[in-house]
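Structure record follows, encoded as structure tokens.
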Amino acid sequence: MGTRNYRRKTSHSEHGPGDGGRTGSWRVERPVIDQSLCIPCKRNKEACFICWLFCPDVVISRTIPPKIDLEYCKGCGICAEECPTKAITMVDEAKFSDEVKDKE
Amino acid sequence: MNKEFIEIRWHGRGGQGAITAAKIVAEAAFTSGYAGVVMAPTFGTERRGAPVMTSLKISREKIYDLSPIETPDIVVVLDHLLLKEADVTSGLKPGGIIILNTPMAFESYSFKDYRLATADITAISVEAGLPHGMVNTGIIGSLEKAAGLLGIDILLKGIEEEFRTRKPEKNSMAARIAYERTVAGG
Amino acid sequence: MHIIENGNVAAALGVKLCRAAVIAAYPITPQTPVTERLSEYVEAGEMKAEYIHVESEHSALAVCIAASSTGARTFTATSSNGLLYMHEQVQWAAGARLPIVMCVVNRAISAPWNVWNDQQDSISQRDTGWIQMYCADHQQIIDSVIKAYWLAEKVSIPIMVCYDGYILSHTYMPFDVPDQERVDTFLPPFQPDYALNPKEPANLNTVTLPDVRMDVKGELAHGYMEIRYLLHEDLRKTLAVAADAEKRFAEIFGRGGDPYLEPYRCDDADYVAVGLGSITYQLRVSVDALRKEGINVGVMGVRFYRPFPDAAIAKALKGKKGVIVFEKALSYGYEGALASDLKSALYEHLAGTGHLPLVQNFIAGIGGREIRTDDLTQNFRAATRSRIAKEPVWIGLKL
């Protein structure tokens, strides 16, 4: 059939950000990392990254500090649940002012 | 607005209770003699927090057309942040009414072709003793103030009936306060 | 008593009123709320029924087959791929002559994936020997469930009560919930001609040979072909029994009319639109609009799809200039299923009489593609001007 024809005649989705839309808008709670508890931050070392590992949407980066992509983070809370040092807290999205949100 | 056939589109977030609000209005309309009421939520995969729409059609006659509302007479926006995420005025009839839950002043908005009604339902609900974010009963009061469709008493009664096991007086208080405080433009 | 609820609740209430004794169902969008609601009724003691958890739709219907064989009134519900998953059992239930009632909440089938409404799921099962009823609103949903149990138990054939996913299942509108006493009057307890009984063990639906053969009693038992013929013959006889059901229902509940068709402004119409389910109500708006333009049109909903009420349809459409079939399914590789069946009925009854209308087939709403009333009206109008094509015309395609 040829790849182009195949794509026309079937439903075909390749990986890439944003296929589900700007899912960050779904968030009711936002994960916030306390760097004083976060292992890679404290040790300045590429270690742990369990939050990155468990995030079902791969919106956390393996960086020091880990960065959460708020464009897509849905606020599921799994990172906070799994963090071994409880460095991540889920905070009510409403607490973040419009000003801060506009900057994102 | 043609009071024989009214189309209202509600914009909320999944889990916020737009469907319940629309249902209360639908029941009140039916009891008031509107033989046709049809209420339909967004169809499909939804999650808590995602923008959703609910449509409510009210008619003196039975409604046979269940297709989505294209030109609403009224749009109800349960969360002002949705103005950035959804085209809430899409299809709104010229002169149509927008009911908006917002902490910002009425004067800070300019919707040229439409009539705006605002209230800080989030704050009013808390004042009435409800948890933060429960705005779906308060908004009914704003709707009635702006559109004057059914009479506030029948709506308050409907709210108390729907919420009879879940703080009925506080929910109807939120609607009552919203009804009094809603600023509605001409 | 009138309530405002969604179509799934209407279905669940119907099942509750009919005192179903065994419920086995697997959740699938958009049917899930039916099963949830029924499980709540059972849990709360409002229904005296066994709610059996199963791990698939195939098992759900298998459980219903077993339970129904012992004389229990059973219910299941499904949609789309769930119906396809149980297809083997669907065929089985009909061949086993069991009066199971199943709600099919119409949803598109895969591939590709889609959770929204069209009617391919139930239409793809039209050859299985099940009776199929289609509902255009919530009143019809609850009433059809009640009628279905009476009818199924009368003719010993399972029934699918079909209604549009989301458009009806998740939409709220007012409908009357009949009271329990009246339902009990209409629908007595299930009394099967035969029920499996440990005291008299038997083997049901055993292997049959191509030809008839003697049974253990020395009698000539029906072979496969006879058993299958009798299913078909009884299905054809069901048309008359369905008319009885409708009459009986009207006597007890005060509403009802034509058992097979729901016409609107068809008497003096030159062109009649035909369809299944909620689209036929939406077409009423198109009919009213075109009538205002001076075009004599009507719309006819088909309530019974199988057995196909060919004589009634041909009688209703005799002498019309054109019949325009709007449907949400097709027999891939040819044309719309309803259009095909309709043409066959018209040909059978009207060929050579000079009263044979032309048929135009439209396909709409596949995979939940929005059906705008204006588009229906436009296409309906165009079809009254001339026959557009022999092949089905797809409305709203965006190639």
What does the charge dipole of the protein assembly as shown about its Cα centre add up to, to the nearest 20 debye, if the Cβ of each Lys and Arg holds +1 and the Cβ of each Asp and Glu holds -1? 1040 debye
Students often forget the sequence filter, so: which aspartates and glutamates lie under 19 Å Cα-Cα from C:Lys48 once same-chain residues fewer than 8 apart are removed? C:Glu36, C:Glu40, C:Asp179, C:Glu181, C:Asp184
Looking only at B:Tyr114, B:Tyr34, B:Tyr64, which one moves most when chain B is put into a Gaussian network model with springs between Cα atoms under 10 Å? B:Tyr64
Which of the trypsin sites (Lys or Arg not before Pro) found in segment C:247-282 are loop residues per DSSP with 14 or fewer other Cβ atoms within 10 Å of their Cβ? C:Arg255
Once the dipole of the protein assembly as shown is set up from charges on Cβ (+1 Lys and Arg, -1 Asp and Glu), the residue from the list C:Val212, A:Phe96, C:Leu230 lying farthest towards its positive end is A:Phe96
Could you list, by residue number, the cysteines of the protein assembly as shown that have no other cysteine's beta carbon within less than 4.7 Å of their beta carbon? A:Cys48, A:Cys55, A:Cys73, A:Cys76, A:Cys83, C:Cys18, C:Cys64, C:Cys103, C:Cys135, C:Cys162, C:Cys266
Over segment C:240-399, equivalent-ellipsoid semi-axes from the Cα gyration tensor in Å: 24, 18, 17
What aspartates and glutamates sit close enough to B:Lys145 to cross-link, taking a C-alpha to C-alpha distance under 13 Å and skipping anything fewer than 8 places away on the same chain? B:Asp153, B:Glu180
Cβ-Cβ cut-off under 13 Å around B:Ala28, Lys and Arg +1, Asp and Glu -1: the net charge is -4
Place a +1 charge on the Cβ of each Lys and Arg in chain B and a -1 charge on the Cβ of each Asp and Glu, then give the dipole magnitude about the Cα centre in debye, rounded to the nearest 20. 240 debye
Which percentage, to the nearest 5, of the DSSP beta bridges contained in chain B is antiparallel? 55 percent
Residue by residue through B:61-71, how many Cβ atoms from other chains fall within 10 Å of the Cβ on average? 6
What helix-only [θ] at 222 nm does chain C give? Using -39500 (n - 2.57) per DSSP H run of at least 4, over all residues, to the nearest 500, the answer is -12500 deg cm²/dmol
Mind checking which of C:Tyr271, C:Tyr347, C:Tyr260 has the largest fluctuation in a GNM of chain C, springs on alpha carbons under 10 Å? C:Tyr347
Which number do you get for Rg(Cα) / (2.2 N^0.38 Å) in the protein assembly as shown? 1.07
Which one, B:Val75, B:Thr89, B:Thr42, is farthest towards the positive end of the dipole of chain B when Lys and Arg carry +1 and Asp and Glu -1 on their Cβ? B:Thr42
Would you mind checking the pairs A:Lys9/C:Lys343; A:Lys74/B:Lys112; C:Lys320/C:Lys390 and listing those with alpha carbons more than 24 angstrom apart? A:Lys9/C:Lys343; A:Lys74/B:Lys112
So what is Rg over Rh here for chain B, counting just Cα atoms and using Kirkwood for Rh? 0.93
As an exercise, identify the GluC sites (Glu not before Pro) in segment C:219-307 lying in DSSP coil whose Cβ has no more than 12 other Cβ atoms within 10 Å. C:Glu219, C:Glu293
Sparsely packed chymotrypsin sites (Phe, Trp or Tyr not before Pro) within segment C:91-127, loop by DSSP, other Cβ within 10 Å at most 15: C:Trp113
Set of lysines with alpha-carbon distance to C:Lys247 below 24 Å, sequence-local pairs under 8 removed: C:Lys16, C:Lys147, C:Lys154, C:Lys237, C:Lys315
If you count, for every residue in C:279-286, the Cβ atoms of partner chains within 10 Å of its Cβ, what is the mean? 3
Gaussian network model of chain C, Cα springs within a sub-10 Å range: biggest mean-square fluctuation belongs to which of C:Ile371, C:Ile146, C:Ile65? C:Ile371
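Read-outs: derived from the displayed coordinates by stated rules, not from any lab. Everything numeric in this text was worked out from a predicted model, so none of it was measured. Cβ atoms come from the backbone with ideal geometry, glycine included; neighbour counts cover every protein chain shown.
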